[in-house]
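Heads up: the structure comes next, in C-alpha cells.
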Amino acid sequence: MRKGNLHSVYQEGSGDYSTTSVLSCEQPKGFLVITYCLSFYVQGDLSEYELLKHQLADPEIKDAQIINWLQEFRSCVTQLNKDHEQLIYTVLRLPWVGRSQAVVDEYIAFLSNLVSAQTFYLCSCLKMVVSHFIPSMFSSLLPVYLPRHFDQCHQALQLISRYECYVHNLLRVTMYIPSIRRDVLEIIISKMLKLDVSASRSDIEEAEESTVHKQQEEEGLFDMDEDVSGDQPSRTGMTHPMAERLDSLMVVLLAYIRDVCHDNGSLHIDRTKELYKDLLSVFDKVILPTHASCHVQYMLFYLCSFRLALAEAFLDHLWKILLNPSQAAVLRQAAAGYLGSFLARAKFIPVLTVRACLDLLISWIHSYIDSQDSSDKQTFCDISLHGPFYSACQAVFYTLIFRHRAMLDGNMKKGLEYLQSLNLERVVMCQLNPLKVCLPTVTNMFAAITRKYQVVFCYNVIERNNRLVLPVVRRSAGGDTVSANTNPLDSFFPFDPYLLKRSGVLIEPLYQVWEDLADTEFVASKSGQQVSFVEELGVDDVCVSSDLKLRETFVTNFSSNLSNLSHSLSVMNL
C-alpha cells in the first residue's frame with residue numbers, strides 16, 4: 001500500500017489545495033500513481049501532476065517514499081519525453097546523496113534507465129551528479145561523510161556512461177554516416193547477444209518469482225487488497241542484473257528502429273527497406289548461429305510488424321535457408337525454428353500468409369518423404385541425417401497448434417478440408433517418424449488438436465515411440481560409438497514469450513499469446529494422453545482413413561504460393 005504525504009491537490013491558478021487527490025489516499029498495491037498522473041496531464045488536467053511535483057520537492061521526504069517514486073518512474077521512463085522536463089528536473093533535485101544505500105541504488109538505476117530511454121536528459125543528469133562534487137556546508141563540516149559522498153557520485157557517473165550512452169551514440173553516428181551502419185549494428189547486437197545468452201529464460205523467471213515471493217512475504221500473504229492489485233502488474237525494472245541491462249539496451253535499439261523507419265508518424269519506405277537489409281545481414285551473421293538467445297531477435301520481429309511485405313520477406317528468407325543444401329544443417333534447422341515460431345507468434349501475420357507458408361513447408365516435407373521412399377537405403381529415424389526434415393515437421397506442428405483456431409474460424413468446413421488436404425497422416429506415419437523426434441510438448445498438443453478435429457490420430461504412434469529409445473549415435477575420431485542424448489530439436493523457440501518489462505511494452509501488442517484449450521475440449525485418457533471430448537462421451541474413434549490420398553496438386557500449389565509471395569515482396573522491391 002502507499003499513501004501520499006500531502007492530503008491535498010493543487011488547483012491551478014488559485015494556489016489552493018483541495019482534498020480529492022489520488023496522491024492523498026491509500027491506493028491498492030500495484031497501483032501506478034505516476035502513470036495515473038501522466039495520463040491526466042496528457043488530457044490537460046494538471047492538478048495531480050502539480051501535486052506530484054510538490055511532493056517530490058518536499059524537504060521532509062522519507063527514504064521509503066523516494067524509493068517508491070523512483071521505482072514508478074523507472075516503470076514509465078519511456079513516457080518521460082521533453083514535455084515532462086520540469087518533472088524530471090524536480091526528480092533530479094531529490095536529495096539522494098548521503099541517504100541509505102537502498103535510496104542510492106534505486107536512484108542510480110533510475111538515472112541509468114532515464115538516459116537510455118530519453119537521451120536528451122543526459123547533460124542534465126551529468127550536471128546534477130557533478131554538482132555534488134561540491135559538498136554542502138553540512139557535509140563539509142563532517143569530513144567523515146565526504147568519502148562516502150564522493151563514492152556515490154562516482155558510482156552514478158560510471159553507471160550512466162557504461163552501456164546505454166555508448167549504444168545510443170554509436171547509433172547516432174549511423175544517422176549521418178550510413179555507410180557504417182551495418183558494421184555498427186553488428187557490433188552492438190553482438191554485445192547484446194552476450195548479455196542475452198548470459199540471462200537464460202529460466203534464470204530470469206526464477207529471479208522475478210523470487211522477488212515476487214519476497215514482496216508477498218513482506219506485505220503479507222493475506223492482504224485484503226491482494227485481489228485488486230493482481231489486476232495491475234507493476235513494470236519496475238528487472239531483478240536479474242543482466243536482464244536489466246539488456247532491457248535498457250533493447251529500449252534504445254527498438255526506439256532507434258522506430259525513429260529510422262518513421263517520418264512524422266508515417267512509415268518511410270526507402271529507409272525501412274534499407275534498415276531491414278542491414279538487420280537481416282546481422283541476423284544471418286550473428287543471431288541465427290547463436291543458440292538460446294531469448295530477446296535480441298525481437299528487433300526483426302518488431303521491424304516486420306511495420307508492413308506485411310517485410311514479414312513476408314523475412315519468411316521467404318528463412319524458407320530459402322531451409323531449402324539450401326549447401327547451408328550447414330544446424331543453420332537450416334535454426335531457420336525452420338524461426339519460421340515456425342514467427343508464423344505462430346506474430347499476430348500481424350494474416351491467416352492467408354500462414355496457409356501459404358504451410359503449403360510450402362508441407363509440400364517440401366512430402367517431397368522429402370518421397371525421396372527417402374524411393375531410395376535403395378533403408379529409411380529410419382535418425383536426427384543426424386534428417387535434421388532439417390524434423391525441424392520442418394516441428395515448425396508445421398507448432399504453427400498449427402497456435403493458428404488452427406484462426407484457420408477454422410468463419411468456415412469450419414473449409415478449414416477442416418484444408419487441414420485434411422495437408423495429408424498430415426502420411427507425415428505422422430512415415431518411417432522417418434517425426435513424432436519421435438519432436439519435442440514432447442509439441443507432439444502431445446499437436447496430437448490432441450488433430451484428434452479433436454479428426455484430422456489424424458497420433459496416439460498409437462506416440463505410445464509405440466514411448467517404448468523405444470531414440471537412436472542417436474555418434475562416432476568418435478577413433479571409431480568407437482558414443483551415445484549422444486542431445487536432441488537438436490530440444491532447443492528454444494526463438495519467439496517464446498518476451499520477458500523484459502520496459503522494452504516489452506512495444507512487443508506485447510504484436511504478440512500471439514498461448515490461449516489455453518477449453519477444459520471441455522480435452523480430457524486425460526487412462527494412459528495419461530490427452531484425447532478428444534468425443535471419446536469421453538463414448539463415441540467410436542474416428543480418424544482420417546489411412547488411404548487419404550496425397551495431394552495431387554502440391555507441385556502446382558507450391559509454385560502458385562511462391563509466386564504470390566514473390567508478388568507481395570515486390571511491393572517494396574525486397
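Readers should treat all values here as calculations from the given coordinates under stated rules, not as data from a laboratory. Owing to the predicted nature of the structure, the values given are computational and were not obtained by experimental measurement. In this analysis, Cβ positions are derived from the backbone assuming ideal geometry, glycine residues included, and neighbour counts consider all displayed protein chains.
Just subtract the alpha-carbon distance of Thr441 and Glu508 from 0.36 nm times their residue separation and send over the number in nm, one decimal.
21.7 nm
Which entries in Lys194/Lys452; Lys277/Lys414; Lys191/Lys277; Lys53/Lys127; Lys273/Lys347 show an alpha-carbon gap greater than 32 Å?
With Cα atoms farther than 32 Å apart: Lys194/Lys452; Lys277/Lys414.
What is the spin-label model distance, in nm, from Asp45 to Glu515 if the labels are put 7 Å beyond Cα along the C-beta direction?
3.4
Please give the length that would be gained between Arg271 and Leu416 if that part of the chain were fully extended, namely 0.36 nm times their separation in residues minus their C-alpha to C-alpha distance (nm, one decimal).
48.0 nm
Using modelled backbone amide H atoms (1.01 Å from N, in-plane), which distant-in-sequence or interchain residues come within less than 5 Å of Tyr511's amide H?
Here Lys347 satisfy the definition.
Which distance in nm do the two modelled labels at Asp409 and Asp259 give, with both placed 7 Å along the Cα-to-Cβ direction?
The modelled label-to-label distance comes out at 3.6 nm.
Separation between the Ser100 and Thr239 pseudo-spin-labels, each 7 Å from Cα along Cα→Cβ, expressed in nm?
So the label points at Ser100 and Thr239 sit 1.9 nm apart.
Taking amide H atoms as placed 1.01 Å from N in the peptide plane, list the residues 5 or more away in sequence, or in a different chain, whose amide H sits under 5 Å from that of His262.
Excluding prolines and chain starts, which carry no amide H, the hits are His268.
Report, by chain and number, residues whose modeled amide H sits under 5 Å from the one on Leu94, excluding near sequence neighbours (fewer than 5 apart, same chain).
Amide H neighbours of Leu94, under 5 Å, 5+ apart: none.
What ³J(HN,Hα) values, in whole Hz, does the Karplus curve 6.51 cos²θ - 1.76 cosθ + 1.60 give for segment 386-399 when θ = phi - 60°, with x put for Gly and Pro?
Once θ is set to phi - 60°, the couplings for segment 386-399 become 10, x, x, 4, 5, 5, 5, 4, 5, 4, 5, 4, 5, 5 Hz.
Using Cβ contacts closer than 10 Å as the measure, can you line up Trp96, Trp364 from fewest to most?
The fewest-first ordering by Cβ neighbours comes to Trp364, Trp96.
Starting from the Cα of Asn169, step 7 Å toward the Cβ, then list every residue of segment 99-118 with an amide N under 15 Å from that point.
115-116
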